[in-house]
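Heads up: the structure comes next, in structure tokens.
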Amino acid sequence: MQQQTKKFNSKPFGEVCQEWIGYKTKTTSERLLANYEMFDAEFFSPFSAMAMNSMNIKKADKILLSVRQYPYEKRAEFARQNCCSLHMFVKITLGEIVDYAIRKNYMENKKELVKFFRVQRDAEGGTYHKSRLLYK
């Protein structure tokens, strides 16, 4: 019996990111949307032409490394605006974009990539587990 292969609609990362931001406009605040658009312009722009299905941990690492090298003043300003650090917020955002792309069949379900973006929450406090957030 022949195994059927799933057909993926190959879209560039930038296009999927813009589509995801449009999807999030219904449920998020204006300040959060401004942050998503800033991420798209500042961190995700070098990867905008990359096919979504070619995303892997190495490319995600490059994005997160660019966040690490972001000027300290801007990171501090962002930390005052939000309850979580810039690095964690970008990692969560990338994970949501990857989940969206998998749901819409823009990329195959890469288990190692999905696991890389998983961030555990403490059940009692609703906060994120610090050891899973640090970029090593």
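Since every read-out is calculated from the coordinates, none of them should be taken as a lab result. Being a predicted model, the structure only gives us computed values, none of them experimental. When we count neighbours, we look across all protein chains shown, and the Cβ atoms used for this are built from the backbone with ideal geometry, even at glycine.
A few comments on the model shown:
- Value of relative contact order over segment 13-132, rounded to a whole percent, pairs C-alpha under 8 Å and six or more apart: 24 percent
- Neighbourhood net charge (14 Å Cβ-Cβ; Lys/Arg +1, Asp/Glu -1) for TRP20: -1
- For segment 13-132: rounded, prolate or oblate by the Cα gyration tensor [a/c cutoff 1.5]: rounded
- Electrostatic dipole magnitude of segment 13-132 [Cβ: Lys, Arg +1; Asp, Glu -1; Cα centre; debye, to 20]: 400 debye
- Protection proxy ranking, highest mean first, for peptides 31-38, 43-50: 43-50, 31-38, where packing is the per-residue count of other beta-carbon atoms within 10 Å, averaged.
- Rounded to the nearest 0.05, the FRET efficiency derived from the C-beta distance between GLU96 and GLN69 at R0 = 25 Å is 0.65.
- For segment 17-88, the relative contact order is 21 percent, taking Cα pairs closer than 8 Å that sit 6 or more residues apart in sequence and dividing their mean separation by the residue count.
- Among the listed pairs LYS74/LYS104; LYS11/LYS104; LYS62/LYS115; LYS11/LYS62, those whose Cα-Cα separation exceeds 22 Å are LYS74/LYS104.
- What the Cβ-Cβ distance of SER29 and GLU108 gives, at R0 = 35 Å and to the nearest 0.05, is a FRET efficiency of 0.60.
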